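Every number in this text was worked out from the coordinates using simple rules, so none of it is lab data. For clarity, every value in this text was computed on a predicted model and none was experimentally measured. A quick note on method: Cβ atoms are made from the backbone with ideal geometry, for glycine too, and the neighbour counts reach across all protein chains shown.
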Amino acid sequence: MSQEISLEEIYEQLKKELSSVDLQPLKEEFYELVRNKIKKLNEEIEKTEEVLEKKMFEEIKGICHDLVLALLITRLKKGLNEEWSSLVKEEKEILQSIEERIFKGRIEKEKFKGEDKVTVKILEETASFIGPVDLKIYGPFKGGDLVYTKYGNIKPLVSKRKAEIVNI
């Protein structure tokens with residue numbers, strides 16, 4: 001028999017978290033229970049034909065989402081200042097992902113100078129532009145195009161995630 005979680009339980013957990021400077025204990029399966037609750041609410045929204053009842057389930061789902069998001073953000077902020085061992089699995093994965101993205105971004109910034117030549121793969125259609133390093137016209141490009149140029153010319157596209165550096 002699967003456990004269920006109520007809005008009241010989520011609210012009480014958020015209240016405990018907000019009233020303490022330390023991370024509060026959280027059931028390891030908390031986020032799984034929340035996912036199940038949202039799944040059930042989505043099922044109710046889908047099967048309900050009455051407009052008012054459908055609206056009610058959508059509001060409950062929105063409240064659930066907002067409470068869990070507030071709880072998650074609060075816990076992650078605290079987790080940055082504490083041992084990660086107090087966080088549950090999903091929270092650790094989120095922080096690791098954020099840490100990896102920040103670290104990867106730092107490596108890319110430190111790795112290439114404006115004059116270094118790089119090969120990038122264009123990820124989406126891009127209009128022509130003037131390269132800031134050599135003042136040449138680049139593009140237009142289609143998704144999948146490969147470009148070999150100085151990093152400084154293509155850095156704006158990499159920063160906007162319209163291109164990615166490829167290792168050849």
Inset, instruction - Please identify the helices of the chain, taking whole runs of DSSP H, that span at least 18 Å along their own axis as judged from the Cα atoms and have a mean Kyte-Doolittle score of -1.0 or higher. - result: 51-80
Legend entry - Distance histogram for the range 112-165 (every C-alpha pair counted, 10 angstrom bins, percent rounded to whole numbers): 29, 63, 8
Inset, instruction - Determine the alpha carbon to alpha carbon distance for each of Lys16/Lys77; Lys27/Lys47; Lys92/Lys155; Lys40/Lys77; Lys16/Lys78; Lys78/Lys160 and list only those over 23 Å. - result: Lys27/Lys47; Lys92/Lys155; Lys40/Lys77; Lys78/Lys160
Legend entry - Under the Debye formula (equal points on every Cα, no solvent term), log10 I(q)/I(0) of the chain at q = 0.10, 0.14, 0.18 Å⁻¹: -0.65, -0.83, -0.99
Inset, instruction - Go ahead and collect, in residue order, the members of the range 1-28 whose backbone nitrogen is under 20 Å from a label point 7 Å along the Cα-Cβ direction of Glu50. - result: none
Legend entry - Qualifying GluC sites (Glu not before Pro) for the range 6-85 [loop in DSSP, other Cβ within 10 Å: at most 16]: Glu28, Glu29, Glu49, Glu50, Glu82, Glu83
Inset, instruction - Using Cα centres only, tell me the gap between the range 11-34 and the range 37-68 in whole Å. - result: 22
Inset, instruction - Report the full-extension gain for the segment Glu125 to Ser19: residue separation times 0.36 nm, less the Cα-Cα distance, to one decimal in nm. - result: 33.3 nm
Legend entry - Two-decimal ratio, the range 7-105, of alpha-carbon radius of gyration to 2.2 N^0.38 Å: 1.26
Inset, instruction - Please work out how much length the chain gains when fully extended from Lys40 to Lys160, using 0.36 nm per residue of separation minus the C-alpha to C-alpha distance, in nm with one decimal. - result: 39.5 nm
